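Chemist: Okay, handing you the structure first.
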Amino acid sequence: MGTNDMLKTLILSAKDVRELLEMGEVMSAVEDAFRAYGEGKLWMPPKAYLKAGKGDFRAMPACMAGAASIKWVSFQPHNRSKGLPTVIGVMIYSDSETGYPLAVMDAAEITAYRTGATAAIASKYLARRDSHTLGLVGAGRQAYSQLLAHAEIFKLELIRIYDIRPEASQRFADFFPHLHIQASPLEDTASSDIVCTMTPAREPLVKREWIRNGTHINAVGADADGKQELDPTILSHAVVVVDDLRQASAGGEINVPISKGMFKLEQVDATLAQVVVGEKQGRKADDEITVFDATGIAIEDLATAKLVYEKAQQQGRGLAIELVETG
Ligand SMILES: NC(=O)c1ccc[n+]([C@@H]2O[C@H](COP(=O)([O-])OP(=O)(O)OC[C@H]3O[C@@H](n4cnc5c(N)ncnc54)[C@H](O)[C@@H]3O)[C@@H](O)[C@H]2O)c1
């Protein structure tokens, strides 16, 4: 029997992935990935978009020594009425030397965890260290992991949440009974030390006058052409850090202001990887406003999928099948 006879592909469901993920571990893995990316040790092209239905599909490949992955994920804004999540898809995790597909796993949980982790890492580097109020705009799937991730780093005394569906804010507050969470008007939510915006809005929601000096904003919702959550004058008065310049200019918070001539690509101060490796500074003074424009990049998914795969192997989780022939 050859060694290849032992190879199988692990199928990992959303339940498997959820039970394997632990936010502190995801944050370390994702921060390491940003560092390695800044040092030129991880590779990825910008994500590819395909319009489909009322939403889109995204293909997000990335590679590092030993491992490669691709996320095939769809954003469908009307899925809730069909009882389905708005972000839905799968990831393939492979051996980068042989191409062998080591695992196929649910992508929605990975997306939520790595998105929360990335924003909280941005907050770690860009927010004021004494930040103790968190404002969450949008009480959907991403809000839960934003709170989990920020609670790993900051001593949060008050969490404000706003959603156009009040029942979503209430459900969120009920989910974390041990935390001080207030369903609040949008302007109060936006007046927090750290503000995370996570809506599919295509018009600015958050006004410049609500943002206090010293605030850090994670603009998470805009991740495709035409999406926008912030008054563009916030960007012109802020230190702007992006996850990836090409993706941010095509579909991030800066995409609409750039297309309308209200913001220039040269006004971006840094990428998160440059800040993590210490090549660029990010925040320089306590009264500055900082904005992290998060579009979601494939290295975050690769780092998280690697963690999930390794833990699944250690714990004997998932269904192992002979998906490809090795003979
Ligand atoms: N940047 C990234 O890496 C990344 C990752 C995942 C999702 N996203 C984006 O984040 C957004 C949210 O994703 P999700 O998975 O939480 O979706 P979701 O559908 O679970 O939640 C979205 C929430 O926003 C609320 N909402 C919609 N319009 C609003 C408005 N005008 N004001 C206030 N609330 C409003 C909805 O009621 C809903 O509760 C989407 O645009 C998605 O594409 C970005």
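Each value in this text was obtained by applying a stated rule to the coordinates, not by laboratory testing. On a predicted model such as this, the values are computed, not experimentally measured, just so you know. Glycine gets a Cβ as well: all are built from the backbone with ideal geometry, and neighbour counts include every protein chain shown.
Chemist: How large, in Å, is segment 151-190 by the Kirkwood hydrodynamic radius built from its alpha-carbon pairs?
Modeler: After inverting the pairwise mean of 1/r, the radius is 10.6 Å.
Chemist: Suppose every K and R has +1 on its Cβ and every D and E has -1 on its Cβ; what is the size of the dipole of the chain about the Cα centre, in Debye to the nearest 20?
Modeler: In total the dipole reaches around 580 debye.
Chemist: To continue, here is another question. Distance check, please: which entries in K51/K227; K82/K260; K51/K124; K82/K155 exceed 26 angstrom between their Cα atoms?
Modeler: K82/K260; K51/K124; K82/K155, as the Cα separations exceed 26 Å there.
Chemist: Averaging the inverse of every distinct alpha carbon separation and then flipping it gives the Kirkwood radius. What is it for segment 128-297, in angstrom units? The partial results should precede the final answer.
Modeler: On the way: mean 1/r = 0.0629 Å⁻¹.
After inverting the mean inverse Cα-Cα distance, the result is 15.9 Å.
Chemist: Taking the Cα centre of segment 128-297 as origin, sum charge times position over the Cβ atoms of Lys and Arg (+1) and Asp and Glu (-1), and report the length of that vector in debye to the nearest 20.
Modeler: 80 debye
Chemist: How much length, in nm to one decimal, is gained on full extension between E266 and W43, taken as 0.36 nm per residue of separation minus their Cα-Cα distance?
Modeler: Working it through step by step, the gained length comes to 77.9 nm.
Chemist: Return, for the Cα atoms of segment 64-201, the radius of gyration and Dmax in Å, separated by a comma.
Modeler: Final numbers for Rg and Dmax: 17.0, 53 Å.
Chemist: Considering amide H positions built from the backbone, and no H for Pro or chain starts, which residues 5 or more places from V195, or on another chain, come under 5 Å of its amide H?
Modeler: Result for V195 returns G135, H216, I217, N218.
Chemist: Now for a separate question. Starting from the coordinates of the alpha-carbon atoms of segment 121-169, obtain the Kirkwood hydrodynamic radius over all distinct pairs and give the value in Å to one decimal.
Modeler: Over segment 121-169, the inverse of the mean reciprocal pair distance is 11.4 Å.
Chemist: Among S191, A312, T9, flag the residue with its Cα farthest along the positive direction of the charge dipole of the chain, charges on Cβ as +1 for Lys/Arg and -1 for Asp/Glu.
Modeler: S191
Chemist: Using the membrane-span-like helix rule (whole DSSP H runs, Cα extent along the own axis of at least 18 Å, mean Kyte-Doolittle hydropathy at least -1.0), which helices of the chain qualify?
Modeler: 23-38, 108-126, 141-153, 298-315
Chemist: A further question follows. So what's the chain giving for Cα Rg divided by 2.2 N^0.38 Å, two decimals?
Modeler: Taking the Cα Rg and dividing by 2.2 N^0.38 Å, one obtains 0.98.
Chemist: Please give every one of the lysines within straight-line cross-link reach of K41, meaning a C-alpha to C-alpha distance under 20 Å, and leave out same-chain neighbours fewer than 8 residues apart.
Modeler: List returned: K71, K280, K306.
Chemist: Specify which residue in the list T86, T133, A117 is farthest towards the positive end of the charge dipole of segment 79-146, using unit charges on the beta carbon of Lys, Arg (+1) and Asp, Glu (-1), about the Cα centre.
Modeler: Result: T133, furthest along the dipole toward the positive end.
Chemist: Let me ask something else about it. Could you calculate the FRET efficiency of E310 with E209 from 1/(1 + (r/R0)^6), where r is the beta carbon distance between them and R0 is 45 Å, rounded to 0.05? Spell out each step's value before the answer.
Modeler: Details: r = 47 Å, r/R0 = 1.05.
Once rounded, the FRET efficiency stands at 0.40.
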